[in-house]
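Visitor: Please see the structure below; I have some questions.
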């Protein structure tokens, strides 16, 4: 209404006259400043100069990318694979020569087992080969559920979860729990799959010297002091220790009882990777926890792949339901990938059956390992890395020539010499540029339960011959 | 508009209930079914933040029975499901022991129908199982490289029309282990908005800079390319070492096909490299089943890195990368998978060889090309009928992945359950695989579906759609939905 407006206007004008001078001046300056900002030209920080269209076209024309991949020379050592014709079992035909297999991780000799093959065949006739879908979308078969429950019963844990690829098991498990801001303490000799899992998790990684509990304790103490300075942050920062049961790079065992003590003292969780020790250590093959007599509930997560002792494909994690159930929704390799083909799961179930029926195989395997360990001591020019109970040992050069390439060539000549004499060995392979702590070049010697006394003696004699002929010169 | 409002309301109500239930659980008024931390470890830093699992506890648990449904037969066009019952609202499941037989399978990625347990593929796989065993127990570079692997790789190269190929044991791992081998620090990855988790993980692990362009939007891609070349790396202004464009053939949640001719034109103009992930499109698109390159009639040499999986159209498992000889030689020595991961299992390799021969017609029959044609026909028919009924469908007309929009959270659970009651198995997806208001049901057409099965499925979908009011579209053909089929329209024609 007119009177209302007028009345307000009169009040306004009155206020204008009554206001103190500095107030009016301040308001005036502010209004002028706003007007100036409104009309000034905006500029982005990184485009303080503008390129003309012609200049842009020139830049685009000039730019030359690198080649997609650098060329690889014809005689690059890892380019030409050794070709195996026929089944990769105890007697293996490699590059046309029949050899005794001292190179594949077939610890319990189950690659060639008739029962396992029959079960896989029966499963193939029922389900076909592939699963055509991830676990969430009709890719869960009753075989998967059975294998998971069998594995959890075998390892005496609450639950187990199955992955379709051994490498992806630990590489998906670590980032599911540890995120940016969390802290992980890892052994220096951790395998590549663990390193990829660590990289994917974006957490803060602290390496401690291989199997050195004092170094680990020092790092934990430092972290404790940090936590005291900032208790709010410490309350939400999770801490993990990731170790392997039997290290694939150095063939020795982690000191698990001390680790469990450190766990409760400094309140960190332990993730144990048991790819090499599952089905090898312990009275019943349950791995390094059984070997040391540690209560399995003390380990938060055990991850293993089924490609070594179980002679199948894939991997699994086991532990308490509280821990494992989380991976069903957040394990990347579980949710976004097709499930394990059912015939491979059926083969793994049968392999587990065989392991449970005859626990004596583990003792026999350990004796053979000890035997080979003792026999290979004192090889001229080579030194043996590992512990007597490890089934996959490393033979390193006693005196390195200084260049990794020439070391590899020398070791390769030893391997070739042995292959000529029908003993199949292999070089331990790794990606030189990607590994954090590069292990020295070595020959991998694998002990399996199918090797007889004379096989072992022949192999040892062959290696000694090769070493003295080619390395001592 | 109305639908969007109702969807947000639905989520709002669920969130409020979620907070209420959490409150009750915290004060122990309601019994808590969640697994608990160990007593001795109660004073450790908690493994999960409570808030992270809010969605899981309160929304996902209600409709959990639509996923992880166990099956006990071949995942073919029809399957047998194990019946599950839950007495405590989906916290635990029990198996009643009964089997639901002959459920029409619209969920498995069985595009060409090779998921079968009889026939030449299964026979040769059986032979190989008995001869070679199931496992390999060594890596490709050590002693796990079998002659069958080499033969399969040569065959894949022939199939795709490229110089050479290399195969890996897991499709997910193929991406996450080989992208880091190709690009590294100082390189740029331009990836589509809706790329799969494996591509995102591979890009992150490589350490290069990642820039995202809008889904299938060529202007957005060109803008990013120009900006990248002109301005170089951020802060140091050095030129980029390489630019890699990462796209997929068919996007699994949208059903859309990549605009390959335009991407290749852009790539040639700006000298970038193209990484094409054909996980869903290999075998499923194209007149000869050779994937999206065949569909557009382009030259496979234009795509620098062709990647695909064997899980979907070949009924096996694993992935491959194919391209020029130099690329594959580099990958043989530098790929993470070749050095550290066990090689593929022999029967799986045999299945790939046989099914590929079948598709190429090298086994002397025409089964392969018939299946490719059948899939194309099924796809077109299914999509046409759904659109006529009034549903909103996403994706390209030729893609066998058909997402049907549901939008509201309650309908996700209801749709899945109603379809199962009527003996049809479908896949429903919600957040976080899709944006929160765009939940959908996704159908995967197979060459194994006969026209009868498709008609049966379509009738049921229409019924459920009426029941749940899912026919959001305004372009409905009154003919097919309003009246029953056997009516007077065709009487005069028959006479």
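Visitor: Per the helix-only calculation at 222 nm, which mean residue ellipticity applies to chain A, given -39500 (n - 2.57) for every DSSP H run of n ≥ 4 and division by its residues, nearest 500 deg cm²/dmol?
Guide: -14000 deg cm²/dmol
Visitor: Continuing with this model, one more query. With the cut-off at 1.5 for a/c, could you classify the range A:413-473 from its C-alpha gyration tensor as rounded, prolate or oblate?
Guide: oblate
Visitor: Would you work out the relative contact order for chain A, in percent, from Cα pairs under 8 angstrom that are 6 or more residues apart?
Guide: Across chain A, relative contact order equals 19 percent.
Visitor: Find the centroid of the Cα atoms in the range B:370-419 and in the range A:17-34, then give the distance between the two in whole Å.
Guide: Cα centroid of the range B:370-419 versus Cα centroid of the range A:17-34: 66 Å apart.
Visitor: Could you state the angle between the C-alpha long axis of helix A:21-39 and the longest principal axis of the C-alpha atoms of chain A, as a value from 0 to 90 degrees rounded to the nearest 10?
Guide: 50 degrees
Visitor: Separate question: Classify the range B:272-363: rounded, prolate or oblate, from the alpha-carbon gyration tensor (a ≥ b ≥ c, eigenvalue square roots; a/c under 1.5 rounded; otherwise prolate if a/b is larger than b/c)?
Guide: oblate
Visitor: Then there is this: Rank the residues B:42, A:179, B:324, A:196 as a footprinting-exposure proxy: fewest other Cβ atoms within 10 Å of their Cβ go first.
Guide: Placing the least packed residue first, the sequence is B:42, A:179, B:324, A:196.
Visitor: Per the Kirkwood definition applied to all pairs of different Cα atoms, how many angstroms is the hydrodynamic radius of the protein assembly as shown?
Guide: 30.6 Å
Visitor: If you count, for every residue in A:317-329, the Cβ atoms of partner chains within 10 Å of its Cβ, what is the mean?
Guide: 3
Visitor: Distance between the C-alpha centers of the range B:36-97 and the range A:394-414? Whole Å please.
Guide: 52 Å
Visitor: Still on this structure: Roughly how many Å is it from the Cα centre of the range B:142-204 to that of the range A:188-203, as a whole number?
Guide: Centre-to-centre (Cα) distance: 20 Å.
Visitor: Can you give me the angle between helix A:192-201 and the longest principal axis of chain A, using Cα atoms only, in degrees from 0 to 90, rounded to the nearest 10?
Guide: For helix A:192-201, the angle is close to 10 degrees.
Visitor: What's the whole-number percent of alpha carbon pairs in chain A lying beyond 34 angstrom?
Guide: 49 percent
Visitor: Shifting gears a bit: Kindly provide the helix-only [θ] at 222 nm of chain B, computed as the sum of -39,500 (n - 2.57) over DSSP H runs of four or more divided by all residues, to the nearest 500 deg cm²/dmol?
Guide: It lands at -12500 deg cm²/dmol.
Visitor: In percent, what relative contact order does chain B have, based on Cα pairs under 8 Å that are 6 or more apart in sequence?
Guide: Relative contact order for chain B comes out at 18 percent.
Visitor: Taking only C-alpha pairs under 8 Å that are 6+ residues apart, what is the relative contact order of the range B:274-368 in percent?
Guide: Reported relative contact order: 21 percent.
Visitor: While we're looking at this one, here's another question. Tell me, A:165, B:295, B:48 in order of fewest to most beta-carbon neighbours within 10 Å?
Guide: If I rank by nearby Cβ atoms, fewest first, I get B:48, B:295, A:165.
Visitor: Using a 10 Å cut-off around each Cβ of peptide B:163-170, what is the average number of partner chain Cβ atoms that fall inside?
Guide: Other-chain Cβ atoms within 10 Å of each residue's Cβ, averaged: 3.
Visitor: Kindly express, to the nearest 10 degrees and within the range 0 to 90, the angle between helix A:360-376's C-alpha long axis and the longest C-alpha principal axis of chain A.
Guide: Result, in degrees: 80.
Visitor: Is chain B rounded, prolate or oblate when judged by the Cα gyration tensor, a ≥ b ≥ c being the square roots of its eigenvalues, rounded requiring a/c under 1.5 and prolate requiring a/b larger than b/c?
Guide: rounded
Visitor: Let me ask another. Sorting check: for B:349-359, B:434-444, which peptide has the highest mean count of neighbouring beta carbons within 10 Å, and how do the rest follow?
Guide: Those peptides, ordered most packed to least, come out B:349-359, B:434-444.
Visitor: For each of A:185, A:292, count neighbouring Cβ atoms within 10 Å of the residue's Cβ, then give the residues from fewest to most.
Guide: A:292, A:185
Just so you know, all these numbers are worked out from the coordinates, no wet-lab data involved. Quantities reported herein were computed from a predicted structural model and do not represent experimental measurements. Positions of Cβ are generated from backbone atoms using ideal geometry, with glycine treated the same way; all protein chains shown enter the neighbour counts.
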